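What follows is a single structure, written as structure tokens, with notes after it.
The values are calculated or read from the model by the stated rules, or taken from the named source; none is laboratory data. All figures in this text were calculated on a predicted structure; none of them were measured in a lab. For neighbour counting, all protein chains shown are included, and Cβ atoms are generated from backbone atoms with ideal geometry for every residue, glycine included. Heads up: the accessible areas ignore ligands, DNA and RNA and are worked out on the full protein's heavy atoms, side chains in. Shrake-Rupley method; radii C 1.70, N 1.55, O 1.52, S 1.80 Å.
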Amino acid sequence: MTTALSTPATTSSATVTPEAVSYTTTSPSTTPDTSLLPSTLATTPPSSTLTMTTALSTPATTSSAAVTPEATDSGTTTSTSTTPNTSLLPSTLATTPPSSTLTMTTALFTPATTSSTEVTTEATVSYTTTPPSTSPNTTLLPPTITTTPQVPLKCFNGSMVQDGVCICPDEWSGDTCSIANFCIKTHLEDFEFPQTVVGWFAYSSEMCLPGTTNSGISRASARCTYNNGNPKFDSIEKIECELTLENIQANVTVSLGAVEAQQLASSTQLLTSRPEQLTTSNITSAAQIVNTILSNSINITERIAVAAVTTISQLLTADPQQFPKESNATLSLTGTLERFSVSQSHNASLVVQPRLVVQSTQVRSDQTGGIQFSALSGTSNNFTTNRIQLKRNVKEIEDTNIPSDVQIFIRLPPASLPERSQSVSVGFVLYENDLLFRSKAFNTSLGTRRMVISGSLGNVKAEQVNLRFMPMNVSNKVLHDFACVFWDYSLNDWSTKGCSKVRLSTGSLQCRCNHTTNFAVLMSFRADVRYAEALSLISIVGCSLSIAGLIITIIFQIITRKSRKSAPTVLLVSICVCMTIFYLLFLFGIKNPNASLNRDIKASEENTIPSSDLYQEPDKGPCTALTALMQYFLLATFTWNTLYAVHIFLLIRKTLSGPPRGFLAVSIAIGWGFPAVVVAITLGVSYRVDDPLGYRREDFCWLAALNSDGEFDFGKPLFGGFLLPVAILLLLNTAVLIYFGISTCKKDPLLSSTSSTSLKKLFMSSFSLGALLGLTWVLGYLVISTSDPTLSNIFSILFCVCNTTQGLQIFILFTVRTAHFRKMFLSITHSVSPSEIGLQRQKYVLQDLKKHSHELSRNADAEQSAGTFSQTISYI
């Protein structure tokens with residue numbers, strides 16, 4: 001075959017933006033048989049010729065090339081002679097001059113088409129073809145295409161970029177969200193309608209007057225539609241202000257004519273236009289009216305269908321608490337919508353409202369392998385027409401032009417011979433939430449919502465149904481598992497029969513079912529806890545020093561108890577023991593040893609309906625036990641602190657007799673018993689083996705404090721099981737400290753002078769008592785109650801420093817500062833002679849004599865009082 005049988009080569013337009021771009025095509029000359037030279041397009045002066053010598057040859061066509069500013073575009077075509085049956089070489093795209101050839105014998109040549117190429121970056125792009133001579137039937141090499149990255153996508157009007165696509169607000173559409181998708185605020189007749197998205201209804205700002213039955217309800221509605229390519233409100237529907245849903249329900253019948261049905265449907269829509277005000281009775285009546293209207297498929301017009309679907313969309317926005325759970329009217333709505341979606345007697349092929357979409361279509365079974373419906377609710381969780389896509393004749397579920405929240409693909413069965421040209425009615429119904437599907441088996445403790453998608457075929461059974469759902473985002477929660485389910489009308493609940501999980505692909509949940517009906521995915525979530533790193537250096541160092549100091553204090557108090565007859569050894573030792581155990585538990589047990597969230601939990605392969613949307617891993621024991629122990633010993637610390645404060649109070653009140661008999665026994669019973677009672681009540685109220693996080697946290701072993709939204713919850717164990725009782729104990733301790741300071745200043749004559757030593761002693765005694773009573777824990781309440789981030793950080797740092805070093809403070813104030821400890825320290829750490837030790841003892845004796853000399857100068861009552869206070873202050 002010679003070039004006489006060649007067909008035209010066609011090159012479509014090329015669009016190029018900045019900078020220089022050149023196009024060069026050089027073809028070798030030919031000997032007689034043909035000489036085919038396409039036209040030359042150039043911005044420079046080179047000549048361009050076209051010679052045709054073969055009668056059977058047809059001209060090659062080169063379309064125009066569009067060049068934007070700051071670009072130079074040259075196209076040059078030169079032909080040289082070749083021998084018959086030589087090769088025609090198409091152009092090669094390259095940013096550098098390497099030769100890249102594509103050779104094909106002209107005897108087998110068919111029209112070559114090059115689609116438009118768009119370059120938007122500041123780069124130099126050249127198109128060069130260097131065709132070396134070849135023999136027939138040479139090798140075919142693909143062209144080389146090199147481009148630089150495109151300019152980042154710009155989205156307008158508050159849109160967002162997702163997967164390289166602009167996700168537009170409801171009011172805008174187009175690739176960059178720059179096309180208006182709304183009707184502007186408009187006055188029609190005597191009514192004013194606000195700006196409204198295309199396809200939705202607007203309700204007039206004029207309301208029914210107060211005193212009427214429908215006071216507060218808009219008197220008119222108008223739908224925003226496209227009219228000659230422009231968004232515009234259509235005709236107005238009005239309502240009588242005394243009309244009620246009960247009146248409409250009494251008058252609606254299946255045999256209504258189109259005019260009457262239109263009027264009742266529009267009135268019902270207007271009466272449900274304030275869904276937040278609907279009661280259970282209103283919802284039931286409206287559902288019954290819509291059921292009746294949509295059941296009359298013969299007289300349904302587009303306006304009736306749109307009004308009815310809008311009513312259901314508004315019902316899906318009603319208060320879930322008002323939604324009837326066992327109403328036949330609401331339960332039957334889903335079946336009515338399924339049948340309506342496959343009915344082709346009405347003219348509404350697509351109705352899109354904020355909470356509901358109904359899509360109807362027809363396909364030929366012999367021409368369609370499958371059909372796919374996709375939708376995106378966007379950032380507002382509303383449906384708009386421009387975010388609904390329908391694909392006919394697809395073989396498998398596939399990606400769409402824009403991201404989607406839900407996709408359903410129905411594969412039609414192979415067309416048999418008798419039914420080869422049969423038309424199949426296909427209907428889709430998409431619900432934004434599952435208010436019409438109230439499950440008894442699945443508990444929505446998080447208040448989550450689920451999209452429900454219905455796929456229906458008129459008179460053909462689907463071969464397979466594939467679904468994709470995007471997992472919804474729940475605050476502070478991550479997806480744990482999911483189940484592919486359908487609504488079983490015989491059970492009035494979700495079922496997994498005939499459905500299975502495909503796999504958990506990147507970003508989507510996939511399901512496969514062998515039948516058509518209403519589908520959903522039931523998702524369970526687990527807490528998305530950010531595990532803290534290892535304990536901060538301040539906590540580790542502070543707790544370690546406190547443990548060492550407390551152990552020394554315990555030993556010192558026990559071995560010197562006989563020489564300190566007035567000191568409450570049991571009380572102080574009990575405080576130190578509780579604090580030491582708490583610090584040890586905090587250091588070695590605060591981190592959850594069985595942290596489930598540290599493990600990568602994958603969705604199970606079994607398609608099992610979860611019991612709740614909140615997943616709780618059964619308790620493994622250690623973390624709960626550690627939490628209970630920490631709660632107990634910290635409460636015991638504060639209890640013993642308060643008992644110590646009561647002891648001080650009794651010493652001040654009863655300077656002669658001191659605490660009553662039996663005080664020590666009562667203190668032991670309360671000190672160790674009261675915390676046990678609080679811990680037992682807290683566990684009994686909040687702990688369950690299958691719900692351990694009702695009692696404790698997951699990220700570390702401590703009492704639960706936050707709700708599902710990450711906010712402090714007064715109903716959680718931290719408040720009732722710790723903060724409340726500790727607050728009461730701290731108030732008692734604070735009152736005793738204030739009483740101690742006031743009483744000491746009044747009764748101790750030494751403090752009436754201006755002696756700085758006496759004032760220093762009062763201050764140190766008060767400071768020591770405050771440290772022992774744990775008053776620095778007040779900073780913790782300031783951290784919780786402060787909303788200012790700066791103050792909260794300051795209080796948090798102070799709280800951490802003061803309370804992790806509380807044991808160290810007690811060691812310094814109640815051990816290091818005592819004369820007994822100094823004597824022991826000198827005797828242990830220094831090698832001194834007995835005579836030096838004797839001198840030290842004489843020094844302390846002289847100090848005691850000097851103190852007693854002051855006491856002897858007072859009257860008997862004053863001596864007893866001052867002596868008691870001196871003893872009280874001495875061990876504080």
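List of remarks:
- Residue within region 280-297 that is touching a strand residue (DSSP E or B) at 6+ places or on another chain (Cβ under 9 Å) and open to solvent by 40 Å² or more (accessible area, probe 1.4 Å) present: no
- Some residue of region 588-595 being at pLDDT 90 or above, crowded, with 23+ Cβ neighbours inside 10 Å and under 44 Å from the mean Cα position of the chain (by Cα): no
- Counting only residues that are surrounded by fewer than 17 Cβ atoms within 10 Å (Cβ to Cβ) and assigned to a strand (DSSP E or B), region 176-185 holds 2 of them.
- Within region 783-814, the set of residues being small (Gly, Ala, Ser) and more than 27 Å from Thr553 (Cβ to Cβ) comprises Ser785, Ser787, Ser792, Ser796.
- Check on Phe633, in contact with a strand residue (DSSP E or B) (Cβ under 9 Å, 6 or more places away or on another chain), of a type in the set (A, V, I, L, M, F, W, C) and open to solvent by less than 40 Å² (accessible area, probe 1.4 Å): no
- Flag if Ser221 is in contact with a helix residue (DSSP H, G or I) (Cβ under 7 Å, 6 or more places away or on another chain), within 18 Å of Pro354 (Cα to Cα), assigned to a loop (DSSP other than H, G, I, E, B) and of a type in the set (Ser, Thr, Tyr): no
- Of all the numbered requirements in (1) in a loop (DSSP other than H, G, I, E, B); (2) within 27 Å of Cys155 (Cβ to Cβ), Lys395 misses one, and that requirement is (2).
- Ile236 meets all of the listed conditions (1) over 20 Å from Val290 (Cα atoms); (2) not in a strand (DSSP E or B) but one, namely (2).
- Any hit, region 734-752, residues being under 30 Å from Thr553 (Cα atoms), open to solvent by 60 Å² or more (accessible area, probe 1.4 Å), of a type in the set (Gly, Ala, Ser) and at pLDDT below 75: no
- For region 684-718, the set of residues classified as over 24 Å from the mean Cα position of the chain (by Cα), open to solvent by less than 60 Å² (accessible area, probe 1.4 Å) and over 20 Å from Asn592 (Cα atoms) consists of Gly684 only.
- Yes/no for Leu243 being more than 20 Å from Tyr431 (Cα to Cα) and not acidic (Asp, Glu): yes
- Subset of region 606-625 that is assigned to a helix (DSSP H, G or I) and either touching an Asp or Glu at 6+ places or on another chain (Cβ under 7 Å) or open to solvent by less than 40 Å² (accessible area, probe 1.4 Å) (or both) - its residue that is farthest from Val726 (Cα to Cα): Cys623
- Single residue of region 462-506 satisfying the filter (in a strand (DSSP E or B), within 22 Å of Pro413 (Cα to Cα) and hydrophobic (A, V, I, L, M, F, W, C)) that is most open to solvent (accessible area, probe 1.4 Å): Val502
- Filter pass, Val726 being touching a residue at least 40 places away in the same chain (Cβ under 8 Å), closer than 18 Å to Ser785 by Cα and among the β-branched types (Val, Ile, Thr): yes
- Selected residue [open to solvent by 20 Å² or more (accessible area, probe 1.4 Å), closer than 25 Å to Cys576 by Cβ and assigned to a helix (DSSP H, G or I)] from Ile681, Ile648, Ile652, Ile668: Ile668
- Search result, residues across region 147-175 that are exposed (fewer than 15 other Cβ atoms within 10 Å of the Cβ) and touching a Leu at 6+ places or on another chain (Cβ under 8 Å): Val161, Gly164
- Only one of Thr496, Thr517, Thr448 that is under 23 Å from the mean Cα position of the chain (by Cα) and either within 27 Å of Gln314 (Cα to Cα) or touching a residue at least 24 places away in the same chain (Cβ under 8 Å) (or both): Thr448
- Among residues of region 763-774 being surrounded by fewer than 18 Cβ atoms within 10 Å (Cβ to Cβ) and in contact with a helix residue (DSSP H, G or I) (Cβ under 9 Å, 6 or more places away or on another chain), the one that is modelled with the lowest pLDDT is Met764.
- Candidates Phe722, Phe714: the one that is at pLDDT 85 or above and assigned to a helix (DSSP H, G or I) is Phe722.
- Only a single item in (1) open to solvent by less than 10 Å² (accessible area, probe 1.4 Å); (2) of a type in the set (S, T, N, Q); (3) within 26 Å of Met470 (Cα to Cα); (4) at pLDDT below 90 is not met by Ser380, and it is number (1).
- Residues that are assigned to a loop (DSSP other than H, G, I, E, B), open to solvent by less than 70 Å² (accessible area, probe 1.4 Å) and not small (Gly, Ala, Ser) within region 202-218 comprise Glu206, Cys208, Thr212, Asn214, Ile217, listed in sequence order.
- Subset of region 398-416 (residues that are under 15 Å from Arg468 (Cα atoms), without any contact (Cβ under 8 Å) to a residue 60 or more places away in the chain and either open to solvent by less than 20 Å² (accessible area, probe 1.4 Å) or in a strand (DSSP E or B) (or both)): Phe409, Arg411
- For region 316-332, the set of residues classified as surrounded by fewer than 23 Cβ atoms within 10 Å (Cβ to Cβ), in contact with a helix residue (DSSP H, G or I) (Cβ under 8 Å, 6 or more places away or on another chain) and part of a helix (DSSP H, G or I) consists of Gln322, Ala329, Ser332, listed by residue number.
- Residue match in region 225-242 (condition: farther than 30 Å from Asn181 by Cα and crowded, with 22+ Cβ neighbours inside 10 Å): no
- Filter pass, Val357 being over 26 Å from the mean Cα position of the chain (by Cα), open to solvent by less than 10 Å² (accessible area, probe 1.4 Å) and over 21 Å from Glu463 (Cα atoms): no
- Restricting the first member to region 364-390 and to residues that are closer than 13 Å to Val351 by Cα and among the aromatic types (Phe, Trp, Tyr), and the second to residues that are open to solvent by 20 Å² or more (accessible area, probe 1.4 Å) and not in a strand (DSSP E or B), the beta-carbon pairs closer than 9 Å and six or more apart or on different chains are Phe383/Pro354; Phe383/Arg355.
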